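Structure record follows, encoded as structure tokens.
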Amino acid sequence: MNEEFFNNLHDKQREIADVPANHTIAAWALRLLDLIFPERQTHPDRTIDQLKEQFVQSEKELISILNKTKACEECNSELVAKHFFGTLPELRRVMYTDAAAIYEGDPASSSEFEVVRTYPGFFAISLYRMAHALLQSQVPLIPRILTEHAHSATGIDIHPGASIGEYLFIDHGTGIVIGESAVIGNQVKLYQGVTLGALSVEKILANTKRHPTIEDRVIIYAGATILGGETVIGHDSVIGGNVWLTSSIPPYSTAYHQPTVKIVDSKTAH
């Protein structure tokens, strides 16, 4: 390694703002989730005044994060934080619709408590919803840090820019990818390995709708890939496992992949 290498690293240090570590930002979000969902804690027992104080403290932490990341150089961090915390009652209501969808849709689930406490799909959706709310206030960087934390923990990759309705059901979830401009309606079910992606990844298309629209009550089974910003999956449709779609289908459709499977009885094969 030559001197130029170290000089470059030294100069690069000066360009980096005093941004809190990713795990610090994620830890703030997880503490907030603990407040929103007592199910995540062990026998919580706080007075109403104590609860209020903890939310005030969480809001102060967000303001500090916004200031340190310079996320609000062109906005007021206190106003952004106040707005975000003002949305929490509605965010919590919507998150509970996701818990209800998972509980009702998964025969292996014994309770909504189990969903909130243990299901990776619910965890990933919840962090996405918090990240999306921050992104709607034009907050950079932090929303992506939150969804990438969920991604690393669950294998579920939801871009904070995606628009997702209520009662989202994610079963298992590993390998799910939901792109930035994807639009998902209400009561949609997604199984593991589903990709809602783009037909092209050219940088020039960054600000266009590149990802599909999934209307209400669509079921998409494991391994299905749906691509393109003009692709619309009509409501009440079923997309079978391993289907590859790059064009729209009307409501009440069924799309399925028909592989050829040959089974040979080894006892009679010779």
To the nearest 10 degrees, the tilt of helix 22-36 (Cα long axis) against the first principal axis of the alpha carbons of the chain is 80 degrees
Helix 142-154: inclination vs the chain longest Cα principal axis, degrees, rounded to 10, gives 50 degrees
Check: C-alpha center segment 1-48 vs C-alpha center segment 148-167, spacing in Å is 18 Å
Taking Cα atoms only, helix 88-105 is inclined relative to the longest principal axis of the chain by an angle, in degrees rounded to 10, of 30 degrees
Here, trypsin sites (Lys or Arg not before Pro) of segment 54-134 satisfying both criteria (DSSP loop; at most 15 other Cβ within 10 Å) are K70
Listed with the fewest Cβ neighbours within 10 Å leading, T97, T195, T260 appear as T260, T97, T195
Counting only residues 5 or more apart in sequence or on a different chain, those whose built amide H sits under 5 Å from that of I164 are I184
Note, I158: beta-carbon cut-off 14 Å, +1 each Lys/Arg, -1 each Asp/Glu, net -2
For Y103, the net charge from surrounding residues (Cβ-Cβ under 9 Å; K, R +1; D, E -1) works out to -4
Under Stokes-Einstein, the chain at 20 °C and 1.002 mPa s, with its Kirkwood radius over C-alpha pairs, diffuses with a coefficient in µm²/s of 104 µm²/s
Low-density loop chymotrypsin sites (Phe, Trp or Tyr not before Pro), segment 219-270, at most 14 other Cβ within 10 Å, DSSP non-H/G/I/E/B, are Y252, Y256
Quick calc: nm separation of the 7 Å Cα→Cβ label points for R31 and N67 -> 1.5 nm
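Each value in this text was obtained by applying a stated rule to the coordinates, not by laboratory testing. Not measured: the values here are computed from a predicted model. Every residue, glycine among them, receives a Cβ derived from its backbone with ideal geometry; neighbour counts consider all protein chains shown.
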